[in-house]
Amino acid sequence: MRVSDFYALSEEHQAIRETVRALAEAKIAPFAAAVDEEARYPQEAHDALVAGGFHAPHVPEAYGGAGADALATVLVIEEVARACVSSSLIPAVNKLGSLPVQIGGSEELKQTYLGKLAAGEGGFSYCLSESEAGSDAANQKARAVRDGDHWVLNGTKRWITNAGESEYYTVLAMTDPEKRSKGISAFVVEKSDEGVSFGAPEKKLGIKGSPTREVYFDDVRIPEERIIGDEGKGFAIAMETLDHTRVTIAAQAVGVAQGALDYALGYVQERQQFGKPISDFQGLQFMIADMGMKVEAARQITYAAAGRSERGDKDLTFFGAAAKAFASDTAMQVTTDAVQLLGGYGFTRDYPVERMMRDAKITQIYEGTNQVQRIVMARQLLAGIQSTL
């Protein structure tokens, strides 16, 4: 490798960034405010991402996908989130929902469902959380019971992103309660399966364009070939999935932080007080410097985690948790500072930074709260699992 290549994006990765940024600015950003205000699914973004092949870039070429590596997928999500966090949940959740199939599914399951996802025939959501199984994800109450060549699924899943919009769902359910986490299995459930229904959309602080609903399973009969991996392996597959997909949440956080910084930079150079641009005041310059420094640090740890995700390094669990926690904390700080820099204007819906601040908050909560991420990191450190580069 040439010295000039160290810690630099490849030409291919840079081209992906530029392409997605142009798409986001032209076809996603113009609708972001309306999507938030109307709390509606970002159909314009969905259509643009499907047309561009960016709705599920992680799907391997063998199943009709683009075969994007983990870093390329991060770049897609980052650039979409820079314009609209709700829209970035389309590629992010498609990876979250389908990665269990990619990790542990049979070849038949991969051909069927990864192929449909790549073709844009329907999104893929992830059904792990329940009312009593949030941070304690192993405390599953949903139950699947074998009945001949089918499984019969009953239960309720909570806080499911893009529920009702997605056609396919990876669902975790208890198949042997005596074994706790080792008694949990994973299944592919289709929206059209009899007995599947959805609650009303949650009324949320942010990401209002990404529907979050309860999903109900009432005697849903699932063909046995739709189990993901072996019986009892579902929880292990779910946790391995999160090691990879926490990096995509970090990418969302970097994207929204960059979007807020970009807007604030433009504003402070135009806004005048005391006869000069407010960017001339040192107090504001220090804020801007800290914002830029933190965003770049978050970006670098996110890209480092993406590299580990692609290689499957043993320290991925630490890096995935660290990237998610650091980048999301950064996003909350930077978007809050952007609101401050705009003063009273930042507090109104006429400007995008208040939306970005509200959207940034969820990155500290979903796919494991940042308190849980710190538990994960501490366990990895105490076990001696950390890169020495």
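A compact table of results
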read-out	value
Residues satisfying the stated conditions in region 268-323, i.e. among the aliphatic types (A, V, I, L, M), over 30 Å from LYS95 (Cα atoms) and surrounded by 12 or more Cβ atoms within 10 Å (Cβ to Cβ)	VAL268, ILE278, LEU284, MET287, ILE288
Residue among VAL256, VAL220 that alone is modelled with pLDDT of 95 or more, buried (at least 21 other Cβ atoms within 10 Å of the Cβ), out of contact with any Phe, Trp or Tyr (no Cβ under 6 Å at 6 or more places or on another chain) and within 30 Å of ARG17 (Cβ to Cβ)	VAL256
Filtered residues of region 191-218 (kept if part of a strand (DSSP E or B), hydrophobic (A, V, I, L, M, F, W, C) and within 23 Å of the chain's Cα centre (by Cα))	PHE198, VAL215
Where THR363 falls short, out of the listed (1) part of a loop (DSSP other than H, G, I, E, B); (2) buried (at least 21 other Cβ atoms within 10 Å of the Cβ); (3) hydroxyl-bearing (Ser, Thr, Tyr)	(1)
Extreme residue, surrounded by the most Cβ atoms within 10 Å (Cβ to Cβ), among residues of region 144-172 that are touching a helix residue (DSSP H, G or I) at 6+ places or on another chain (Cβ under 8 Å) and farther than 29 Å from ASP47 by Cβ	LEU172
Condition broken by PHE31, with the remaining ones in (1) assigned to a helix (DSSP H, G or I); (2) touching a strand residue (DSSP E or B) at 6+ places or on another chain (Cβ under 9 Å) satisfied	(2)
Pairs with Cβ under 9 Å, 6+ apart, first in region 281-305 and outside any helix (DSSP H, G or I), second of a type outside the set (D, E, K, R)	PHE281/VAL268; PHE281/GLN273; PHE281/PHE274
Number of the exception - VAL188 against (1) more than 30 Å from VAL256 (Cβ to Cβ); (2) in contact with a helix residue (DSSP H, G or I) (Cβ under 9 Å, 6 or more places away or on another chain); (3) assigned to a loop (DSSP other than H, G, I, E, B)	(3)
Test set (1) surrounded by 21 or more Cβ atoms within 10 Å (Cβ to Cβ); (2) over 20 Å from ALA298 (Cα atoms) - THR330 fails condition number	(2)
Selection within region 366-389 - part of a loop (DSSP other than H, G, I, E, B) and of a type in the set (Gly, Ala, Ser)	GLY368, ALA383, GLY384, SER387
Of residues in region 1-60 being of a type in the set (Ser, Thr, Tyr) and farther than 18 Å from TYR303 by Cα, the one farthest from the chain's Cα centre (by Cα)	THR19
Residue within region 15-28 that is within 28 Å of GLY164 (Cβ to Cβ), in contact (Cβ under 8 Å) with a residue 60 or more places away in the chain, surrounded by 21 or more Cβ atoms within 10 Å (Cβ to Cβ) and not assigned by the TED database to the domain that holds THR335 present	yes
Test: ARG221 is part of a strand (DSSP E or B) and over 17 Å from ASN154 (Cβ atoms)	no
Residue in region 90-108 that is of a type in the set (D, E, K, R), closer than 27 Å to PRO223 by Cα and surrounded by fewer than 24 Cβ atoms within 10 Å (Cβ to Cβ) present	yes
Residues that are over 20 Å from the mean Cα position of the chain (by Cα), of a type in the set (A, V, I, L, M, F, W, C) and in a strand (DSSP E or B), drawn from region 124-149	ALA144, VAL145
Qualifying residue in region 128-138 (condition: under 29 Å from ALA48 (Cα atoms) and at pLDDT 95 or above)	yes
Scope region 224-245; condition of a type in the set (A, V, I, L, M) and not in a strand (DSSP E or B); matching residues	ALA236, ILE237, ALA238, MET239, LEU242
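The values are calculated or read from the model by the stated rules, or taken from the named source; none is laboratory data. Just so you know, these numbers come straight off a predicted model, no measurement behind them. No Cβ is skipped: glycine too gets one built from the backbone with ideal geometry, and neighbour counts run over all protein chains shown.
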